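The values are calculated or read from the model by the stated rules, or taken from the named source; none is laboratory data. Note that the structure is a prediction, hence the values are computed from the model and not measured. As a convention, Cβ positions derive from the backbone with ideal geometry for all residues, glycine included, and neighbour counts pool all protein chains shown. All accessible areas refer to the heavy atoms of the entire protein, side chains included, with ligands and DNA or RNA removed. Shrake-Rupley method; radii C 1.70, N 1.55, O 1.52, S 1.80 Å.
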Amino acid sequence: MPLRLFLTSGDLMADRRFEFARDLQLKGDLPAAADLLEQAIELAPNFTSAWFTLGEIRLQLGERDKAIAAFRKARDSDPEDQHGAGLHLMRLGDTEMAEMPKAYVQALFDQYAPRFEHALINDLGYRAPALIFKAVLAARVAAKKPAFFKRTIDLGCGTGLAAAAFAKQVDHFTGIDLSPGMIKEARATGLYAELEVADMIEGLRGKPDASANLVVAADAFVYLSDLAAVLSEAKRVLVSGGVLAFTLETHDGSGIVLGEGLRYAHSAEYVRGAIAKTGLKLLTLEPASPRNENNEPVRGLVIVAEKLES
């Protein structure tokens, strides 16, 4: 996974103690690491990275209440929540389910961008683009329709892996990603006619009605809790008979949960309901693992839906 985000306290001594604490944390000496972080916080009371790391350590030590207190301090000292302390508070049941902070997603992927493909493909067995490609092809064959798409929007395009999968089936690719670092990597592929830094819903809102034949989102909707807005915007930008295809992570319960990997998991029942409510026609909803985590396949879904022909 990416290098850790570090926000300096502005105090050299506090920063130094933080570095020593991280070293101790990695060596497994958690109580000593916590002590050093508390010393750093005494020197710099709004030291976000120290509060966040202290929250992680308290969690590792099984000290739930202290972890919550530390994560709250981390979130309060950085209202944009670049570390994602609010996500840990959701996981701990301290706050209601909510959308991810945009600054967190952007910071996460900006750090990850230079080694994203290598880590995903070699370490995590990433296969979401291939799953989507096969599902779209199968759906088009079943409908006796051509699997060629003049204009395609790639949501959460990352470094361009979905565009690479569909390169021979698409004339014009538009990539949208919240991370400038990812957009830079995607630009280097030469696969995209257009690229823009935007969140997925904002990016779609800037597109005209009926301006895309295909919208894909490989492993991108796992960073959205409620899918209603993105499904609605995707439907609007699709031409009549256009296709939306995406992967998700899933779970056995109902509704939406925030998983251990700090990505949302959507139940199959929730997805069926959300697609029906949007007025799209569901063509495919199948179990499929988009990646591995801790050497185990992550449970997922591959979904293909169509905008009804008017």
Query raised in the report: If we keep just the residues of segment 62-110 that are farther than 30 Å from Glu185 by Cα, in contact with a Phe, Trp or Tyr (Cβ under 8 Å, 6 or more places away or on another chain) and part of a loop (DSSP other than H, G, I, E, B), which is most open to solvent (accessible area, probe 1.4 Å)?
Result: Asp94
Report task. Under 9 Å between Cβ atoms, at least 6 apart or on separate chains: pull out the pairs that start in segment 287-303 with a residue that is over 21 Å from Tyr270 (Cβ atoms) and assigned to a strand (DSSP E or B) and end on any residue that is open to solvent by less than 60 Å² (accessible area, probe 1.4 Å) and among the aromatic types (Phe, Trp, Tyr). Result -> Asn292/Tyr126
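Does segment 52-73 include one or more residues that are of a type in the set (Val, Ile, Thr) and over 30 Å from Pro114 (Cα atoms)? Working first, answer last.
Quick first cut of segment 52-73, residues of a type in the set (Val, Ile, Thr) only: 53, 57, 68.
Okay, now just the ones that are also over 30 Å from Pro114 (Cα atoms), so 68.
Yes, some residue in segment 52-73 is of a type in the set (Val, Ile, Thr) and over 30 Å from Pro114 (Cα atoms).
Restricting to segment 155-168, name every residue that is open to solvent by less than 40 Å² (accessible area, probe 1.4 Å) and of a type outside the set (Val, Ile, Thr). Walk me through it before giving the result.
Taking segment 155-168 as the starting set, the residues that turn out to be open to solvent by less than 40 Å² (accessible area, probe 1.4 Å) are 155-163, 165-166.
Of everything in segment 155-168, those that are open to solvent by less than 40 Å² (accessible area, probe 1.4 Å) and of a type outside the set (Val, Ile, Thr) turn out to be Leu155, Gly156, Cys157, Gly158, Gly160, Leu161, Ala162, Ala163, Ala165, Phe166.
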Requested in this report: Residue by residue through segment 37-56, note down the ones that are crowded, with 24+ Cβ neighbours inside 10 Å and part of a helix (DSSP H, G or I).
Outcome: Leu37, Ala40, Thr48, Ser49, Ala50, Trp51, Phe52, Thr53, Leu54, Gly55
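If I ask for residues that are surrounded by 13 or more Cβ atoms within 10 Å (Cβ to Cβ) and either among the hydroxyl-bearing types (Ser, Thr, Tyr) or not in a strand (DSSP E or B) (or both), which ones from segment 275-286 would you list?
Ile275, Thr278, Leu280, Thr284 - these are the residues of segment 275-286 that are surrounded by 13 or more Cβ atoms within 10 Å (Cβ to Cβ) and either among the hydroxyl-bearing types (Ser, Thr, Tyr) or not in a strand (DSSP E or B) (or both).
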Requested in this report: Can you run down the residue pairs with Cβ atoms below 7 Å, 6 or more apart or on separate chains, where the first is in segment 260-282 and within 14 Å of Ser232 (Cβ to Cβ) and the partner is among the polar types (S, T, N, Q) and not in a strand (DSSP E or B)?
Outcome: Thr278/Ser232
Report task. Quick one: in segment 117-130, of everything that is over 17 Å from Ala167 (Cα atoms) and out of contact with any Leu (no Cβ under 9 Å at 6 or more places or on another chain), which residue is most open to solvent (accessible area, probe 1.4 Å)? Result -> His118
Report summary line: Reported set for segment 268-298 where residues are among the acidic types (Asp, Glu) and closer than 26 Å to Gly125 by Cβ is Glu286, Glu293, Glu296
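Counting only residues that are assigned to a loop (DSSP other than H, G, I, E, B) and among the charged types (D, E, K, R), how many does segment 1-36 have? Explain how you work it out, then say what you get.
Within segment 1-36, the first condition is being assigned to a loop (DSSP other than H, G, I, E, B), and the residues that meet it are 1-11, 28-29.
Checking which are among the charged types (D, E, K, R) leaves us with 4, 11, 29.
Count: 3.
Would you point out which residue out of Ser240, Ser232 is under 19 Å from Phe148 (Cα atoms), of a type outside the set (A, V, I, L, M, F, W, C) and open to solvent by 10 Å² or more (accessible area, probe 1.4 Å)? Spell out how you get there, then give the answer.
Values: Ser232 fails: under 19 Å from Phe148 (Cα atoms).
Just one listed residue meets the conditions, Ser240.
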Report summary line: Phe133: passes all of (1) farther than 19 Å from Val105 by Cα; (2) in contact with a strand residue (DSSP E or B) (Cβ under 6 Å, 6 or more places away or on another chain); (3) open to solvent by 40 Å² or more (accessible area, probe 1.4 Å) but (2)
